[in-house]
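Reading through the structure tokens given below for one structure.
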Amino acid sequence: MLIRTVRKTVFVFAALVGFGVSSVVAQVPMPVDSVLEDTGNRIWTRVFESEPFVIDQIYRSMEGPKATAAVKITHGAADELFWLLSYETKIVDVSTGEVLSDEYMCHNNANFKNFEKHRKLIGAKPVRGARRLFTLSQGVMDVTFPKGFGIPFRADEPISVNTQVLNLNPIEDRLHVRYRTTVRYAVDSQLVQEITPLYQFGMMGLKLTKGEKGYPGEENPNVEHHGESCSVGEVAESGKEYPLADGNTYIKHWVVEPGREENHTLVTPRLGLTEDTKVHYIAVHLHPFAESLELRDLTAKETVFISHATNRKDSIGLKEVESYSSTEGLILFKDHEYSLISVYDNDSGERQDAMASMFLYMLDTKFDHIR
């Protein structure tokens, strides 16, 4: 659960009406209050809101009104080190502030502007990571790390926030909504108890559009070691094709025909592990009609983690998508092969669109900050 402050500072970070995209760079005002954890660490909370989005029709994935903004969370000196502990969002009514259903949420993504620069700023060695910090979507409205874990970043780093709305069900009245996003963090110089560093690395299910064997990044695939090939797919209306170094072309946003489908994607080349590591948090992004997304150790022939999705019964949409959180963590081995397995059960009788992404928050062994 999130630790709530008595008062919150609210900052409007983007201007958007209709389909236009706006971008603004701004600083989030200082928080008014903070709280103490039982660890003794002081936890600060910032809340920032977008300007209104208008929802007056059906918007499928990646088709609704959207906005991009760059936000700086200043606190003390420009080179102050922070620890991101959680990221949460809600869809609220513009007029009343009432929290609405997350069925209107396509995504809320937070990214570093430049991942390599970020690593240098925090004094960490390079890792095979990504600039994505968080992805929230239907059924996944927050990422909250286990106590004692966080992502280090510096006060002068802008965070790019991408928001987009979604509507898959008919509505009677026009809606005016906005995102209300809450960030919890700790200031490094105030820490009583050390925080263990994490970094995010994402993997996604892919389908093949051009080529013979769908093993992304693997030029000499072997079914015995690399499992099943990914399926041949059709790109969704708002999707794109991606040619990879293995000579094949893939898609990450595809069409799901009526019925049940299972898709396997080799992710070992994408992971590129050079050492055994631990994962302490896993977030998942799926679309409606998804049933599950599994990370499977092909070498050990066992499931590392499987996320089950719960679909809404009275409308199209995801009610919940399971995440993983643990101080103990899951071990990934550098010499093992891994596959991402997505299952969709499209009982709508119509073609739908799908994605299947898994975001691993791994132990950052290359970060050695000396306070």
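What follows draws every value from the coordinates through simple rules; no lab data is involved. In this text the structure is predicted, and so the values were computed from the model without any measurement. Note that we place each Cβ from the backbone using ideal geometry, even for glycine, and neighbour counts take in every protein chain shown.
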(request) Find, among the GluC sites (Glu not before Pro) in the range 229-266, those assigned to loop by DSSP (not H, G, I, E, B) with at most 15 other beta-carbon atoms within 10 angstrom. (result) E234, E237
(message) If each DSSP helix of 4+ residues adds -39,500 (n - 2.57) and the sum is divided by the residues in the chain, what number results at 222 nm, nearest 500 deg cm²/dmol?
(response) -1000 deg cm²/dmol
(request) List the relative contact order of the range 200-363 as a percent without decimals, with contacts defined as Cα pairs under 8 Å and 6+ residues apart. (result) 33
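Quick one: which of K66/K334; K252/K278; K125/K240; K72/K313 span more than 28 angstrom between C-alpha atoms?
From the list (K66/K334; K252/K278; K125/K240; K72/K313), the Cα-Cα distance tops 28 Å for K66/K334; K125/K240; K72/K313.
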(message) Stokes-Einstein diffusion coefficient for the range 228-371 at 37 °C in a medium of 0.692 mPa s, Rh from the Kirkwood formula over Cα pairs: what value in µm²/s?
(response) 198
(message) Tell me the Kirkwood radius of the chain: reciprocal of the mean inverse pair distance over distinct alpha-carbon atoms, in Å.
(response) 21.5
(message) In whole Hz and in residue order, list the ³J(HN,Hα) couplings for the range 331-346 that follow from phi through the Karplus curve 6.51 cos²θ - 1.76 cosθ + 1.60, θ = phi - 60°; x for Gly and Pro.
(response) 8, 10, 9, 5, 9, 9, 9, 10, 10, 9, 10, 9, 10, 10, 10, 7
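GluC sites (Glu not before Pro), restricted to the range 268-371: which are DSSP loop and have at most 15 other Cβ atoms within 10 Å?
Passing sites in the range 268-371 are E275, E350.
Remind me, relative contact order of the range 10-194 in percent, using alpha carbon pairs under 8 angstrom and six or more residues apart? Write out the running numbers ahead of the final one.
Numbers: 461 pairs, mean separation 66.7, N = 185.
RCO, the range 10-194: 36 percent.
Pull out the extension gain between E275 and E98, defined as 0.36 nm times the separation in residues minus the alpha carbon to alpha carbon distance; nm, one decimal.
Net length gain for the segment: 59.0 nm.
Whats the longest run of the chain with zero chymotrypsin sites (Phe, Trp or Tyr not before Pro) that are DSSP loop and have at most 16 other Cβ atoms within 10 Å?
Answer from the scan: 20-332.
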(request) Would you please name the trypsin sites (Lys or Arg not before Pro) within the range 267-353 that are DSSP coil residues with at most 13 other C-beta atoms within 10 Å of their C-beta? (result) K301, K313, K334, R351
(message) If each residue of separation counts as 0.36 nm, what is the full-extension length gain between D79 and S189 once their alpha-carbon separation is subtracted?
(response) 38.5 nm
